[in-house]
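What follows is a single structure, written as structure tokens, with notes after it.
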Amino acid sequence: MVTGTFMVHMPYCGTGSMLTDLLAGRTQATNVGLPALLPHVRAAKLRAIAVGTAQRPPALPDVPTLAEMGLKDIETSQWYGTWPPLAGRARSSDGCRMNRSRR
């Protein structure tokens, strides 16, 4: 471990439930995409301490990159996609039911 930080992985079915727990104080930190976090950072409900991209995003010009904080060998990015089931009700690999709102 580069920083000596110990973290426990907490799997979530999606960003919504993860953000609920983070905003309620049931979790202490997260690593998730900017679109989900930006409204909460702007509302001062969450504090961004670093971004994992090579460059600072225009939306957070005052938040340093991990490289700027001395973690030069770490870079992260996220991408999003929509993957509907071919037929019927599908489950993701971790058992979370997809399309809960369509019950």
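Just a few scattered comments:
- Near pairs, Cβ below 6 angstrom, 6+ apart or cross-chain, from the stretch 1-15 (free of Cβ contacts under 8 Å to residues at least 40 places away in the same chain) to any residue that is part of a loop (DSSP other than H, G, I, E, B) and among the charged types (D, E, K, R): none
- Taking the stretch 1-28 as the range and being within 13 Å of the chain's Cα centre (by Cα), outside any helix (DSSP H, G or I) and surrounded by 10 or more Cβ atoms within 10 Å (Cβ to Cβ) as the test, the residues that pass are Met10, Tyr12, Cys13, Gly14, Thr27.
- Matching residues, the stretch 47-103, being within 25 Å of Leu23 (Cβ to Cβ), among the charged types (D, E, K, R), at pLDDT 70 or above and loosely packed, with under 13 Cβ neighbours inside 10 Å: Arg47, Asp62
The values are calculated or read from the model by the stated rules, or taken from the named source; none is laboratory data. Predicted model, so just to flag it, every value in this text is computed and none were measured. Note that each Cβ is placed from the backbone with ideal geometry, even for glycine, and that neighbours are counted across all protein chains shown.
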